[in-house]
Amino acid sequence: MSGSDGHATARVVVGVSGSLGSLTALSRAAEEARRRNAELWPVLAWQPPGGDLAVRRGPAAGLPADEWQRMARERLVGVLQDVFGETGPGVWMYALVAHGTPGLALVEVADRADDILVVGAGRRSPWHRACHRSVTRYCLTHAGCPVLAIPPSPLETDLAAVHRRNAWRLRLDPGDLAEETVPGEGRDPEGRCHKG
């Protein structure tokens, strides 16, 4: 963790879950790490469904903890490959799988005052806010380092609208779809694009 010259290397710690918001945060964290010449620390926190108590009840209650750990590791590797491909993030990276709640795990990893903690600040429905604690709010409240909360991509709103439309089995009216063209470009009568 420390550099060869005796001082600690700067770190950008980022929460990763595989959600669209966390993918946006991961991309932004990599940019921040490159800009600061820092190490990138993606962290995926996991807990078995029902919490640790469910796992301790016995083998009939579900998969053993080491199986959940393996699945979390596979998910993290998959997310990193999806975002960075074979080329990687362009900086040193130390990927971690942490057992525990996401907010607490991120705050514990980003334990230096000079760390930067990056989290996705996704839009949450009233039901989701009532039933689940906000990882972003927890990190902003408890972190001992600067926290960069990344707003969701505008495409997330569009995707959520499509999911709601599909969930309610609503028909899509083609009249609602506005054809967008780039300024200076148009379409000829056969539908081909051309510059104006």
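How much of D111 can a 1.4 Å solvent probe reach, expressed as accessible area in Å² and rounded to 10?
110
Provide S17, S134 ordered by accessible surface of protein heavy atoms (probe 1.4 Å), highest first.
Output order, biggest surface exposure first: S17, S134.
How many nm separate the modelled label positions at R35 and A161, each set 7 Å beyond the Cα in the direction of the Cβ?
2.9
Students sometimes get this wrong: rank R35, R169, R70, R75 by accessible area, probe 1.4 Å, all chains present, largest first.
I get R169, R35, R75, R70, largest accessible area first.
The values are calculated or read from the model by the stated rules, or taken from the named source; none is laboratory data. No experiment lies behind these values; they were computed from the predicted model shown. Don't worry about glycine lacking a Cβ; one is built from the backbone with ideal geometry, like all the others, and counts go over all protein chains shown. Only protein heavy atoms, including side chains, enter the accessible area calculation; ligands, DNA and RNA are left aside. Shrake-Rupley method; radii C 1.70, N 1.55, O 1.52, S 1.80 Å.
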